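Accompanying notes for the structure given below.
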Amino acid sequence: MTQEKKISDFTSFEELKEEAMKIMGKTLSQEQMTRQFGFKGPGDKRSRDVLDNIFFKQQIIQDIEPKTDIELFDQKLKTPIMIAPMASMATMFEDGIGKMCAATREVGSMTWVAFYSKEHYGKHVKTNPLVFIMKPVADREKLLNELKIADAEGCVALGIDVDSGGETMFRMGAGGRWGFEKPLSINELKKIRESVSKPFVIKGILSVDDALKAVEVGADAIVVSNHYGMKIDYCQAPLEVLPSIVEAVGEKIEVLVDCQIRTGSDVLKALALGGKGVLLGRPIYWAARVGGTEGITQLLRVITTELKKIMVYTGIENVRKVPRDTLILPRTFF
Ligand SMILES: Cc1cc2nc3c(=O)[nH]c(=O)nc-3n(C[C@H](O)[C@H](O)[C@H](O)COP(=O)(O)O)c2cc1C
């Protein structure tokens, strides 16, 4: 946190990001900052462009009280904006998972954690609803074991970011102890699904085909995501594929979405296109850099407040029911 500015003075994601970049610039090179945290490859850029080309129909003559609560994995949340799984939140911040949990507890949201072993999330899982997302590591025994531990520990849902399955190698920290990653076949996913008792999530879906496979596997939820454009350069934007995915599987499973969600307007666009909730990745990282738990809490509050404001301006009373015709969509959607 800076001397001059209190956390409560940050009233937009952009301000928090700017401050985070100043702080990170003291220890990281420009290239490191861009690559790791500000990345805008073609897919990442496309996620932003798609969002920026959607507009709202204004309807302000009404007296609604916007309601932002949702229910997911049997948890009652006060906001549809959750924290995306990010491995480095555990390793680059002291008790990073604790910081995320304290913030989500404060605002009534939910923390998703990446493939850390129990030592990182174990002390928080009893008091916070955590969703655990495992990497598709080549050592399938390890993969299953980590999921079973998370299941037994009490995570409210478990899953895999299947879109990491095409990496040539994944290193955790300096050791590379997680070994190679490998795509999961539908049969492997079915077996994994049968071995865990909690709701099962598949993260990294970008096509109707994969969404249908997720249903066949028995998944309870999917995250439509391009992993901030990090997996393949020329990937589609989650929001442009979301409507067809929701049409194909939306009656059967929960559909969540992420990538480049930065403002309340972005959230409402994602919900109007059929998402039940959204996940935030890099903004959480930046907010934590600026103000730890307080920074993350402020960010979640700011975006939820922006969401309420844009709901008032578009005449939307409830985030559970956001009609698509709230949006003016570009031709590419038809
Ligand atoms: C530093 C960093 C680490 C990440 N690690 C993981 C991970 O371990 N597992 C995973 O499923 N997604 C991971 N992600 C992707 C996020 O869960 C999420 O899909 C993405 O960041 C959303 O886009 P946004 O950053 O534009 O909000 C990571 C993202 C970042 C920025």
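Taking the DSSP beta bridges in the chain as the whole, what percent of them are antiparallel, to the nearest 5?
That works out to approximately 20 percent antiparallel.
Say a paramagnetic label sat at a point 7 Å from the Cα of Ser197, along Cα to Cβ; which residues of the range 147-162 have their backbone N under 17 Å from it?
Label zone hits: 147-159.
Of the listed peptides 124-134, 50-60, what is their order by residue-averaged count of other C-beta atoms within 10 Å, with the highest listed first?
124-134, 50-60
Exactly which trypsin sites (Lys or Arg not before Pro) in the range 224-314 are in a DSSP loop and have at most 15 other Cβ atoms within 10 Å? Before the final figure, lay out the partial values.
Numbers: sites: Lys231, Lys252, Arg262, Lys269, Lys276, Arg289, Arg301, Lys308, Lys309; in loops: Lys231, Lys252, Arg262, Lys276.
Here the sparse-neighbourhood loop sites are Lys252.
Using 0.36 nm per residue, how much length does the chain from Glu119 to Glu71 gain when fully extended, once their Cα-Cα distance is taken away? Display every interim value, and only then the final one.
Working: separation 48, 0.36 × 48 = 17.28 nm, distance 2.83 nm.
Stretched fully, the Glu119-Glu71 segment lengthens by 14.4 nm.
About the Cα centre of the chain, how large is the charge dipole given +1 on each Lys and Arg Cβ and -1 on each Asp and Glu Cβ? Please answer in debye to the nearest 20.
Value, rounded to 20: 280 debye.
How much length would be gained if the chain were fully extended between Lys6 and Asp95, taking 0.36 nm per residue of separation minus their Cα-Cα distance, in nm to one decimal? Don't jump to the answer; show the numbers that get you there.
Details: separation 89, 0.36 × 89 = 32.04 nm, distance 2.22 nm.
Separation in residues times 0.36 nm, less the Cα-Cα distance, equals 29.8 nm.
Using a 10 Å cut-off on Cβ atoms, rank the peptides 27-33, 198-204 from the highest mean neighbour count down. It would help to have the intermediate numbers written out before the result.
Working: 27-33: 11.4, 198-204: 23.9.
Ranked from most to least packed, the peptides come out as 198-204, 27-33.
Throughout, read-outs are computed from the coordinates displayed, never taken from laboratory work. Small disclaimer: the values here were computed from a predicted structure and weren't measured. Reconstructed Cβ throughout: ideal geometry from the backbone, glycine too, with neighbour counts over all protein chains shown.
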